[in-house]
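Written out below as structure tokens is the structure these notes cover.
Just so it is clear, none of the values below were taken in a lab; they were calculated from the coordinates. Computed from a prediction, not measured in an experiment: that's the story for all the values here. Note that we place each Cβ from the backbone using ideal geometry, even for glycine, and neighbour counts take in every protein chain shown.
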Amino acid sequence: MSLHSFNTQPTEPIELGGDPSNTTARFASQLITVTEAQRVALEAICPTTQDVSDRVQHGRDWWPLSLAWSLNNEVPQIPSVVCRPTSTAQVSELLQYCNAHSIPVTASGGRSGVCGAAIPLHGGVSLDLTAMQGIESVDAISGVIEVLAGTFGPDLEDAARTHGLTIGHYPQSFALATVGGWVACRGAGQYSTRYGKIEDMVHALEVVLADGTVLRTGGAPAGAVGPDLNQVFLGSEGTLGIITRIWLRAHPLPEVERRGAYVFDTLSDGFEACRRIIRAGATPAVLRLYDGAESKRSHGGNGTNATLLVLDEGHEALIDATMSIVHDVALSMGAQIADVDLVEKWTHHRNDTSGLQALTRKGFVVDTMEIAVNWAQCDNVVEAVESAMLAVPHARAATCHLSHSYIEGACLYFTFAATPPAEEFEATYLAMWEAGQRAALTAGANLSHHHGVGFSRAQFMQQALGSGLDVLRAMKTSLDPRGILNPGKLGL
Ligand SMILES: Cc1cc2nc3c(=O)[nH]c(=O)nc-3n(C[C@H](O)[C@H](O)[C@H](O)COP(=O)(O)OP(=O)(O)OC[C@H]3O[C@@H](n4cnc5c(N)ncnc54)[C@H](O)[C@@H]3O)c2cc1C
């Protein structure tokens with residue numbers, strides 16, 4: 001019995017353009033169908049449905065290209081069944097069965113991924129983990145919370161707070177995504193510069209392998225017991241195992257919160273200030289730097305200057321020292337102090353996701369691309385990505401902000417838009433991704449900071465990993481020799 005149980009359900013990304021019984025699948029030719037006898041066997045293992053509306057919703061996520069398809073009542077794929085196990089034992093039995101019968105199994109949580117990772121590309125079973133929700137145990141002395149994989153962000157954080165704890169993981173999709181999805185995609189919250197990314201928060205995992213084997217990884221604050229097996233499954237996007245249970249590192253609730261806002265003459269000056277702040281050892285929870293266009297759009301900028309928003313929370317002495325370093329560095333770089341209400345405004349709008357759908361409905365190509373890059377390459381990467389994207393016919397905008405910082409570099413988050421004629425929508429969308437992603441990789445950035453790879457970025461994995469992709473493929477073959485787990489993703 002869970003200490004806290006919940007029943008939050010996924011939020012659908014955009015309305016379907018017609019009745020689900022008439023919805024068609026883009027990748028219908030790749031479908032592997034579950035037979036009637038197999039369906040009956042799956043139903044005996046765990047709650048299983050063939051409901052058409054349920055199956056159609058499980059055929060899509062928040063991948064922006066597929067949002068446009070949805071408006072035409074088209075989804076990427078339609079699984080044969082949706083299975084909703086309620087225990088690790090059921091997940092294990094289901095995988096044993098699917099492995100024996102070579103049935104594809106695609107895990108899904110909130111289906112808030114933006115790269116098509118949860119799309120059951122080859123049909124088969126959509127394995128919905130959201131019936132496995134709840135906080136199972138709290139070790140308040142060590143600050144470790146055991147949570148089931150299908151638990152949504154607000155439920156987890158609310159429960160942690162009743163024990164005087166916080167996880168500190170607040171992605172923009174906080175209410176849309178599950179803990180299992182955070183781990184499977186190596187997610188990042190908006191307060192990550194203090195609390196870390198999800199890979200810094202995972203203490204231990206329970207994972208079910210393709211053949212049904214249940215294993216536990218991690219479980220100690222550090223180790224030298226060979227490679228860290230937590231990290232094998234962090235970011236594996238449902239291709240190496242199903243994550244059923246997570247032990248997360250929790251922090252004491254913050255004593256105080258402090259805020260600040262600054263304006264730099266150029267984005268480059270802002271990068272240098274962020275670099276100096278972080279390298280001085282100051283790690284404010286939020287350190288977000290917006291380029292001229294984004295500053296003008298949302299933070300009262302003049303179109304060329306760059307706005308820095310800062311927020312930190314924690315022990316008063318530590319936070320005051322951190323904010324003092326931020327202030328000194330910003331002024332030493334020639335920044336002007338800006339209205340601190342800009343931070344308040346940001347906190348109110350930071351999880352508003354309505355803009356994407358509104359532009360999609362209007363026929364705009366619109367998406368975001370986040371990458372990680374060392375400080376030395378920040379300026380070059382911005383120049384390379386934006387000029388490559390803007391060279392694509394019908395491109396309207398390519399803008400950037402820095403959203404997460406590290407001792408050696410940062411996450412740069414690009415937003416791009418285009419207004420092609422309807423018949424060129426898809427080609428324009430794909431061309432902007434191709435241009436931006438290749439330019440980023442060539443200029444020294446990586447492929448993804450927190451959105452993952454999924455389906456839409458799989459084509460870039462060879463360039464991103466080189467022969468490392470062979471190592472990943474060898475791991476896949478070893479852990480999932482029949483290739484049943486989320487086939488077609490991560491470049492595997
Ligand atoms: C508006 C918006 C804002 C976003 N902002 C952020 C952000 O700030 N930070 C961020 O990191 N991401 C963000 N995302 C992306 C997305 O929310 C994350 O990738 C999230 O971690 C996905 O979680 P989910 O539960 O929705 O997973 P899903 O989308 O359902 O699945 C994603 C992948 O994980 C796999 N998976 C899911 N659960 C499991 C499991 N239990 N075991 C094994 N594999 C599993 C799936 O097979 C799939 O490959 C945003 C998305 C949207 C739509």
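Dipole of the chain (Lys/Arg Cβ +1, Asp/Glu Cβ -1, origin at the Cα centre): which of Leu209, Leu31, Asn486 lies farthest to the positive side?
Leu31
To make sure I understand the rule: partners must be lysines, Cα under 16 Å from the Cα of Lys345, and not fewer than 8 residues away in the same chain. Which ones qualify?
Answer for Lys345, where 16 Å is the Cα cut-off: Lys296, listed by chain and number.
What helices does the chain have that are whole DSSP H segments, at least 20 Å long along their own axis by Cα, and with mean Kyte-Doolittle hydropathy of 0.0 or more?
316-332, 425-442
List the lysines whose Cα lies under 26 Å from the Cα of Lys489, skipping any in the same chain that are fewer than 8 positions away.
Correct list for Lys489: Lys197, Lys476.
Under unit Cβ charges (Lys, Arg +1; Asp, Glu -1), what dipole magnitude, rounded to 20 debye, does the stretch 354-451 have relative to its Cα centre?
So the magnitude is around 220 debye.
Shape verdict for the chain, please, from the Cα gyration tensor: rounded (a/c under 1.5), prolate (a/b greater than b/c) or oblate.
Oblate is the answer for the chain, as a/c is 1.5 or above yet b/c matches or exceeds a/b.
If we count every other residue with Cβ under 12 angstrom of Leu205's Cβ, Lys/Arg +1 and Asp/Glu -1, where does the sum land?
Spelling it out: positives minus negatives among the neighbours equals -2.
Net charge near Thr88, counting Lys/Arg +1 and Asp/Glu -1 over other residues with Cβ under 9 Å of its Cβ?
Around Thr88, the surrounding residues sum to 0.
Taking 0.36 nm per intervening residue step and subtracting the Cα-Cα distance, what contour gain separates Asp228 from Glu15 on full extension?
Full-extension gain reported as 72.5 nm.
Could you give the dipole magnitude of the stretch 214-321 about its Cα centre, charging the beta-carbon of Lys and Arg +1 and that of Asp and Glu -1, in debye to the nearest 20?
Dipole size: approximately 280 debye.
Could you please rank Lys345, Lys197, Lys362, Lys489, placing first whichever residue has the fewest other Cβ atoms within 10 Å of its Cβ?
Lys362, Lys345, Lys197, Lys489
Work out the length of the dipole vector of the chain about its Cα centre, built from +1 on the beta-carbon of each Lys and Arg and -1 on the beta-carbon of each Asp and Glu, and round it to the nearest 20 debye.
Magnitude of the dipole: close to 620 debye.
On a full-extension model of 0.36 nm per residue, what is the gain between Ile141 and Asn22, subtracting their alpha-carbon distance, rounded to one decimal in nm?
37.4 nm
Based solely on its DSSP helices, what 222 nm [θ] is calculated for the chain when runs of n ≥ 4 H residues each add -39,500 (n - 2.57) and the sum is averaged over all residues, nearest 500 deg cm²/dmol?
Calculated from helices alone, the mean residue ellipticity at 222 nm is -10000 deg cm²/dmol.
Find which of Pro284, Ala317, Gly241 sits farthest along the positive direction of the dipole of the stretch 214-363, computed with +1 on the beta-carbon of Lys and Arg, -1 on that of Asp and Glu, about the Cα centre.
So the residue furthest toward the plus end is Gly241.
Evaluate the distance, in nm, between pseudo-label points positioned 7 Å from the Cα of Leu215 and of Glu424 along their respective Cα→Cβ axes.
5.1 nm
So, R0 is 30 Å and r is the distance between the beta-carbons of Asn302 and Leu390; what FRET efficiency does that work out to, to 0.05?
0.90
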